[in-house]
Structure formats: structure tokens, C-alpha cells
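Structure, as C-alpha cells:
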Amino acid sequence: MSNKIRNDLMLLMAALIWGASFVAQKAGMEYIGPFTFNAIRFLMGSLVLVPVVLLLGGMQKKNSADMIESAESEQGAELNTANKAELETKQKNDRKTLILGGISCGVVLCVAGTFQQFGVMHTTAGKAGFITALYIVLVPILGLFVGRKVRPILWFCVVLATVGLYLLCVKEDLSIGRGDLLVIACAFGFATHILVIDYFSPKTDGVKLSCLQFLTAGLLSSPLAAIFEKIDWANVIACWQPILYSGILSCGVAYTLQVLGQKNTEPTVASLILSLESVFAVIAGILLLHEQISMREFLGCAIMFTAILLAQFPEKKRNVLPD
């Protein structure tokens, strides 16, 4: 199996897990507050990855030791000392990149996850999934701030997505629900999250980066839960199923699949595959929560998804004829 196919399958699996996660997140809000829910699931996601990090760390140490031993036998002790110094410098720089990347991703994830968790309290799982998927259109737009060009079709996609969002969220009296507004803010957060991951994932270990970002997000959410919410451990135990799904699968597994799948994958291609979470969210909401969707909302979903797909079409290369 090629690396491209493997990466695409990782991202597709992440989208499937996240689509169903909207149902788990909404169900969890019936028992505990959003800060508490996020703190537990993020810390659980980090904890799940610790054994994987330790296992991979042991393998990397063995490989490093083998490299040093090989250099010793082939090039002599003097040259090996230089190699050791170079290796130590590289490891030190890698640790700095890992820590900076993990904290950066964790802060953005905490902000985006908080908006999303508050949003699903006041809207349906299906709508939350589609509104969150706006990050697909937002990724290239926000890329302007880091010097990336925006293709002309993307401006059309922004207009199209806005029309779809209007039909999906804005009511006949021109009002928009608080939950929908919060999820729109969350879409900006996740668009930023994709760009931050795109920057750091090629530079460091993906699993360690994922583990550290969850730890950061969990540590940031914990004091907020203690200050603004009353933590009832009986209710925490009562919603163990949504917490386990969100912590182990949505965080520990899906976000790690995203980090690994995005490595050496263009952000726009990755965001296209990840956007399928919106479709999975609607299906899961209908099957598991018996949510209903009006024809107006269905049309809005269809228009938004069309904009999402168009945003990922590759730009045609112009043929330059010789003089």
C-alpha cells in the first residue's frame, strides 16, 4: 500500500470517528458541563497515547544506539564523538520543536473544542457537523496570512458556503441560534488548527505531538471546569460511554490519525477528506438521536457540501507554448 493511500485512509477513518463524536458530545452534555467534558476527554486522549509514545521512544533509542555503534566500528572513536555531539544537538532541537508544536496545537484545540462543546448544547449534532466543516473553506482563506495564494474559485466557494450556511442556520425571522454562532467560531478555530498541524507535523514525531497537544488542552480546560462548573462525579460516571468514545476514539485515535495522515499531505486534500465528518454527523444524528432535518436545512447542507468539494478541485496548469 502506498503512503498516499495509507494517509488518505487514516484521514477517512478520523472523519468517520469525528462524525459520530458529535452524537457522543451532545449526549455527554446531558450530564456534565462542557469544560468538564473537554478536560476529561483531552486528558484521556493524552493518557491513551502514553504507551504508544513509550514504545516508539524505545524503538528510536535502539536505532540511535545502533547508529552510534555502527559509526564506532566503521569510522573510529574520534569521529564518533563528533557524531554524538551532532546527534545530541539534533535531539535537543527536535525536543524544542515538539514542545512548541504540542503547546501551540493544544491551545488552538482547546479554544476550538470549547466553542464546539458549548455549541452542540444549543444545536443538533448534524448541524454542528456541517457548520464545523466550514473550516474546509476557511483553511485556504486563512492561509493568506501565512503567504499562501488563494485560487479565484475559492472566493466563489466562500459565497456558496455562506448561502448554504444561511439556509442551514438563519431562521425565517432572520435570527440565528446561539449554538450555531458558537459552532461557526469553532470552525475558525479548527481551520487554524489544521494550519498549525500542517506546519509542525513534518518537523516532529506525530504521535508525541498529538499526545502533548491533548495534555495541553486538558490542562487548560481543567481549571476552567473547576472555576465555572460544579463537577459531580456521579454524573461523570453516568456518561462514561460518551466520555470513553470522545476520549479514546475521537481524541486518542482520530486526532492522531489526523496528525499522521496530514504528514506529507497537502492541507487542502486533507481537509477535503476530513470534511466527510459532516456527512457522517448527519447520518449518526438521524440514526442514533432521531434528529430531523427540514428541506430548507437539507438544501443548506447540500450547498455547503458543494462548496466544500469545489474548494478542493486542483487548479488547472496552464500550458506554456514555446516562442
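When segment 103-133 is examined, which residues are found to be buried (at least 24 other Cβ atoms within 10 Å of the Cβ) and over 22 Å from G179 (Cα atoms)? Matches in segment 103-133: C105, G106.
Among the residues of segment 236-254, which ones are without any contact (Cβ under 8 Å) to a residue 40 or more places away in the chain and either farther than 18 Å from W18 by Cα or in contact with an Asp or Glu (Cβ under 8 Å, 6 or more places away or on another chain) (or both)? Correct list: I237 only.
Checking segment 30-53 against the condition returns no match, with no residue being at pLDDT 85 or above and more than 19 Å from S246 (Cα to Cα).
Check whether at least one residue in segment 297-317 is farther than 23 Å from N7 by Cα, in a helix (DSSP H, G or I), among the basic types (K, R) and at pLDDT below 85, and report yes or no. Checked segment 297-317: no residue is farther than 23 Å from N7 by Cα, in a helix (DSSP H, G or I), among the basic types (K, R) and at pLDDT below 85. Of all the criteria given as (1) closer than 16 Å to Q116 by Cα; (2) free of Cβ contacts under 8 Å to residues at least 12 places away in the same chain, the one not satisfied by W233 is (1).
Cβ-Cβ contacts under 7 Å between residues 6 or more apart (or on different chains), taken from a first residue in segment 87-114 that is free of Cβ contacts under 8 Å to residues at least 12 places away in the same chain to a second residue that is part of a helix (DSSP H, G or I), are absent. Condition check: of a type in the set (A, V, I, L, M), modelled with pLDDT of 80 or more, surrounded by fewer than 16 Cβ atoms within 10 Å (Cβ to Cβ) and in a helix (DSSP H, G or I). Does L100 satisfy that? Considered against the rule, which asks whether it is of a type in the set (A, V, I, L, M), modelled with pLDDT of 80 or more, surrounded by fewer than 16 Cβ atoms within 10 Å (Cβ to Cβ) and in a helix (DSSP H, G or I), L100 comes out as yes.
The values are calculated or read from the model by the stated rules, or taken from the named source; none is laboratory data. Computed from a prediction, not measured in an experiment: that's the story for all the values here. In this analysis, Cβ positions are derived from the backbone assuming ideal geometry, glycine residues included, and neighbour counts consider all displayed protein chains.
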